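The structure under discussion appears below in the form of C-alpha cells.
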2 protein chains.
Amino acid sequence: MLRFWKKSTTRPSRVVIVGAGFGGLSAARELEKLGGFEVTVLDRTNHHLFQPLLYQVATGGLNPSEISSPIRSLFRESPCVTVLLGALTGVDRVRRVIQVDQSGLELAYDYLILALGGQTSYFGHPEWEKWAPGLKTLEDARKIRQKVLLAFERAELESDPEARRRLMTVAVIGGGPTGVEMAGALAELRTHVLRREFKRIKPEEARVLLLEAGSRVLSTFPEKASDTAADELRRLGVEVLLGETVEEISCGSVRTQRRTLAAENVIWAAGVAGHPLAGLLGAPLDRAGRVKVNPELNLADDERVFCLGDMAHVADKSGRPLPGVAPVAVQQGKLAARNIAKLQANRKPKPFSYFDKGSMATIGRKSAVAVLPGGILLSGWAAWLGWLAVHLAFLVDLQNRILVILRWGWAYLGWKWNVRLIAEPSEAAGTAGLPHSTRTAPAGS
Amino acid sequence: MLRFWKKSTTRPSRVVIVGAGFGGLSAARELEKLGGFEVTVLDRTNHHLFQPLLYQVATGGLNPSEISSPIRSLFRESPCVTVLLGALTGVDRVRRVIQVDQSGLELAYDYLILALGGQTSYFGHPEWEKWAPGLKTLEDARKIRQKVLLAFERAELESDPEARRRLMTVAVIGGGPTGVEMAGALAELRTHVLRREFKRIKPEEARVLLLEAGSRVLSTFPEKASDTAADELRRLGVEVLLGETVEEISCGSVRTQRRTLAAENVIWAAGVAGHPLAGLLGAPLDRAGRVKVNPELNLADDERVFCLGDMAHVADKSGRPLPGVAPVAVQQGKLAARNIAKLQANRKPKPFSYFDKGSMATIGRKSAVAVLPGGILLSGWAAWLGWLAVHLAFLVDLQNRILVILRWGWAYLGWKWNVRLIAEPSEAAGTAGLPHSTRTAPAGS
C-alpha cells in the first residue's frame, strides 16, 4: 500500500473518537496507554451508558445515573484526552475534519474512529415506533417506565373490564436477550412490586407477553438454553408465543398472522440496524445500514477512518456479521487503537478476530442462562450469579457498583423498588396514550 | 352554627385529599389513625416529593428518586386509603364532587382537603420564567441541572472570552433559604466536582452570584444568622449582592437598578404564591393568590372544605401569613384531619396554632445556620449536623435514607458526584439557550 502522507514529527497525532459507548471508550483507553496521541472524545450526551442494564431502568429497578458515568469523570486523570459534548453533523474526509452541531465548529483529525452505536430497526415499518418504543437510550427507558406505570394507574381508574385488561397487558416483541430480560423484569415488577399497592385492580393479574417470530427465544444460543429460558419465563408467568410474526402495530394493539392482541404497552426488542449517521461517511453500507469496513476496521478507501461496534459490519469466520454486543465493541476499540499506532509507525495493521467469552441472559432475579466458550451451558442459580458478577465488574465506576449492589440486594430481599416516578403532566403529556373513558366513580369505593 | 347535614350511619365518611405533599400526607395519616374514614388521595404525580432537598437534585448531588417516594407504597398497608393519579380540574361544592382530568371522572366527597402547594411567583413578570426557572418540581430541578451542566460544556467549546465568562456565570435571585442553599451547592459543584474535568476552562473560576433585594439574606432569621450565612457563602466564593432589585431578566442577562450582569443561568428563588388552581374553589384569595381560610382551616362559607399548606393563607399571632415550610403544612394536615373528625362528631373544630420548632438553612457541606425555639442560634458544624439529622429523619423511606447518607458521605469524602446526566439532544433541545458561536477549533488543542 502506497502512503502519501508523511508522518509529522512536530506534534502528536490527533485522533478523534465519536461516541463514548463501549467501543469508543475502549479505543480511547488503549490510545492513552499506547501514548503519543492527542485524543478527543465527542459524544451527544455527557455520559457513558451501560446499555446491558438499560432494561432495569425501563422497569424501575435502577436509576438512570446508576448505569451511566460522566465521560469527563472517566478521563479526569488523562491529560491527553479531551472530552467534548456535541453531535456529529458531517465528515469531510478530504480536509480531514468533522463538523459538530449546527454551529460550524470543526474538529481536525489525523485518524478518525466512529463508534456511534446502532438504532432500533422496525423492518421497514418506522410508523410502528410511535406505538412500540425500542430501548436504546436512557430517554427510551424513562419513557417506557413512565408509560408502563401510567397504564396501571389508569387501569385503577377504569371501570370497563375490557379496557382495564388492555391497560394491564404488555407485549414485548422479539425473543433475543433484550426481549427475554425485559419480559422477565416486567413479570417481576407486576408480581412482586406493584402487588398490594392498588385497591381495585390486581397487578399480579397483568399479562406479560413475549412474541418471537422464530421457533425459539435466544436463537443465537444453543437450543437447550432457549428451552430453559422459555421455561423460566413461563414460570414467572410470561406468555411466550413463538412463531408469531408481527404484521401490524397500532394504538394499543398488535396483530400477528394468528391473532390480534389488545396491549396498552408494546415494547420493541426485535431489530437493530446501523446508525442513521453512517451515511455521512460516504462509505458502502450493508442492508441493515452498517458501514462495511476492512477486517482491520478501517475503510477500504481511507485507512485513516475506522468504524466499529454496532454501526460497523464486520464478519466472523463463517461470514456472518458479528453480534451487536459489548465485548465485540470493546475488542474492536482496542484493535482500532493499536492499528492506528501501527499505521503511525508505518507497520501493517492487524485484522479483527473476535474472542468470544460466551453470552448470557438473565430471567428475573434468580435465574439466567449462560453459554461459555466450548459450548458449556449454565442455567439457574449458578448462571445468575455469574451474570451478576460479570455485570458488576463491567459497571464503570465504584460508586455505581455499590449502589447497584444495594438496589439488587434490596429487591432480592423483597424490598419495594422505588425508582418509579411518573413525571409531572407537562413531561408526561407527550407519552400519554389513550384517554380515560368517561364516567363517574364514587371516591374510595 | 346550624347543621343541615345529617350524619350517615351506614357508611364511613368520604374524605378526598388533593395533593400528596407534606400537608396532604399528614392529613391522610391522621385520618387513618382516627379511623372511620374512607380516604382518597389524588395527586398529579405518583410520588411524594421531599422538597427541602430539591436543590440537591438541581445541583447534581442526588437522584430524583432519592428524594421521592411512590405514594402507593406509602399507603400499601392502609386498607382505608385509596391512591389515585390525576389532575384536579374542578370543584363542585354544591354537588360535593371534584372533577379529575379532562375525562369527566368525578370523585364524591363528604369532606375535601386541598393541599396543592404553591407556585413560583415572578412578581408580575411571568415572562421572566423562560430565562429564570424556579425550583418547585423534579422537572424544574432536572432542567436547571441540565442547563447549568450544559453551560460548562459550551464554555469548554467557546473561544470568545466574554461569551465564555457569561456561560460560566450563574445568578441566583432571592436570598431566602432556597436561594442560599442553591448558591452554596452551586459554588461547591464548580469548585469540588467540575474542577479538573475540563481541559480549556477552569470551572473553579465560574461565578456564582446571589442577588437579594433586601439588606440581608435569610431575612426571616435573626440578623446574626444572616451575617453568618453571608460570610459562609463568601467563604465558598459566592458573590453576595444585597439591596439589588431585579428590573429585567432576558436571555443570558439580569439587570438590577445598579448593574447589568451577563449570566447564562439565572435561577429564580425569590417569590412564592398560591396555587394556580386555587381559583377553582370560588373562595376569596389574598394578594399572593392564597385561599383565605378560617383559623380552623376550612372555608368561611363551607365547613366541609379545608385548605392548607402553601396554597392557604393562615395568619400567625401577629397577623402575618405563616411561611410556606414543611412543618406548617404537616401541623395543618394533622389539624384538618382532627377538625373533620370533630365536625363528624358534631363537636367544635379547633383553630390552628403553629408550634415553631425553629428553622435552618445549610450553606455548602460543612456549614449551616439554625434558629431554635427561644431564639437560640446555632451555626457552623453543629448546625450542619443538626440539619443533616433533621433532613434524614424526615425523608420518608428507609431505602432513600440509606442512599442519601451514602451520597452525602461520598461527597464529603471528596468523591465525585455522578448524578449529572445531560439528556439526549431530543430532550435537551427545549432547554438549550444560546447557539454556539461559529468558528473552527483544532481537535485536542
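The values are calculated or read from the model by the stated rules, or taken from the named source; none is laboratory data. Since the structure is predicted, the reported quantities are computational estimates derived from the model, not experimental observations. Don't worry about glycine lacking a Cβ; one is built from the backbone with ideal geometry, like all the others, and counts go over all protein chains shown. Surface accessibility is based on the protein's heavy atoms, side chains included, excluding ligands, DNA and RNA. Shrake-Rupley method; radii C 1.70, N 1.55, O 1.52, S 1.80 Å.
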Here the residues within the range A:263-284 that are out of contact with any strand residue (DSSP E or B) (no Cβ under 6 Å at 6 or more places or on another chain) and part of a strand (DSSP E or B) are A:272
Consider only pairs whose beta carbons are under 9 Å apart and that are at least six residues apart or on different chains; among these, list those whose first residue lies in the range B:260-277 and is within 24 Å of residue B:114 (Cα to Cα) and whose second residue is among the acidic types (Asp, Glu).
B:272/B:310; B:273/B:310; B:274/B:286; B:274/B:310; B:275/B:310
Looking at A:136, A:130, which one is open to solvent by 10 Å² or more (accessible area, probe 1.4 Å) and more than 10 Å from every other protein chain (Cβ to nearest Cβ)?
A:130
Identity of the residue in the range A:128-169, under 22 Å from residue A:205 (Cα atoms) and among the polar types (S, T, N, Q), that ends up modelled with the highest pLDDT
A:169
Tell me yes or no: at least one residue of the range B:40-60 is within 11 Å of chain A (Cβ to nearest Cβ), out of contact with any Gly (no Cβ under 7 Å at 6 or more places or on another chain) and at pLDDT below 90.
yes
Scope the range A:291-302; condition without any contact (Cβ under 8 Å) to a residue 60 or more places away in the chain and of a type outside the set (Val, Ile, Thr); matching residues:
A:292, A:294, A:295, A:296, A:297, A:298, A:299, A:300, A:301
Among the candidates A:181, A:156, A:204, A:188, residue that is touching a Gly at 6+ places or on another chain (Cβ under 6 Å), assigned to a helix (DSSP H, G or I), within 24 Å of residue A:141 (Cα to Cα) and not basic (Lys, Arg)
A:188
How many of the residues in the range B:205-253 are among the β-branched types (Val, Ile, Thr), surrounded by 18 or more Cβ atoms within 10 Å (Cβ to Cβ) and within 23 Å of the chain's Cα centre (by Cα)?
6
Members of the range B:66-99 found to be under 24 Å from the mean Cα position of the chain (by Cα), within 9 Å of chain A (Cβ to nearest Cβ) and closer than 24 Å to residue A:199 by Cβ, listed by number
B:68, B:69, B:70, B:72, B:73, B:75, B:83, B:84, B:85, B:86, B:87
Run residue B:20 past the list (1) aliphatic (A, V, I, L, M); (2) assigned to a helix (DSSP H, G or I); (3) under 24 Å from residue B:291 (Cβ atoms) and report the number of the one that doesn't hold.
(2)
Matching residues in the range B:146-177 - criterion: being more than 20 Å from residue B:237 (Cα to Cα) and either more than 14 Å from every other protein chain (Cβ to nearest Cβ) or among the charged types (D, E, K, R) (or both)
B:147, B:153, B:154, B:156, B:158, B:160, B:161, B:162
Residues in the range A:379-387: is at least one touching a helix residue (DSSP H, G or I) at 6+ places or on another chain (Cβ under 6 Å), outside any helix (DSSP H, G or I), modelled with pLDDT of 75 or more and more than 14 Å from chain B (Cβ to nearest Cβ)?
yes
Which numbered condition residue B:118 misses (of (1) small (Gly, Ala, Ser); (2) open to solvent by 30 Å² or more (accessible area, probe 1.4 Å); (3) touching a residue at least 12 places away in the same chain (Cβ under 8 Å)):
(2)
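Yes or no, residue by residue, for (1) out of contact with any helix residue (DSSP H, G or I) (no Cβ under 9 Å at 6 or more places or on another chain); (2) surrounded by 21 or more Cβ atoms within 10 Å (Cβ to Cβ):
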{"site": "B:303", "(1), (2)": "no, no"}
{"site": "B:312", "(1), (2)": "no, yes"}
{"site": "B:325", "(1), (2)": "no, no"}
{"site": "B:339", "(1), (2)": "yes, yes"}
{"site": "B:347", "(1), (2)": "no, no"}
{"site": "B:361", "(1), (2)": "no, yes"}
{"site": "B:367", "(1), (2)": "no, yes"}
Taking the range A:56-88 and keeping only residues that are within 30 Å of residue A:148 (Cβ to Cβ) and part of a loop (DSSP other than H, G, I, E, B), one is left with A:59, A:60, A:61, A:62, A:63, A:87
Answer yes or no: is there a residue in the range B:93-109 that is at pLDDT 95 or above and among the hydroxyl-bearing types (Ser, Thr, Tyr).
yes
Against the conditions (1) more than 10 Å from chain B (Cβ to nearest Cβ); (2) farther than 18 Å from residue A:311 by Cβ; (3) crowded, with 20+ Cβ neighbours inside 10 Å, where does residue A:110 fall short? Just the number, please.
(1)
Residues being over 20 Å from residue B:364 (Cα atoms), of a type in the set (Val, Ile, Thr) and open to solvent by 20 Å² or more (accessible area, probe 1.4 Å) - total across the range B:186-202
0
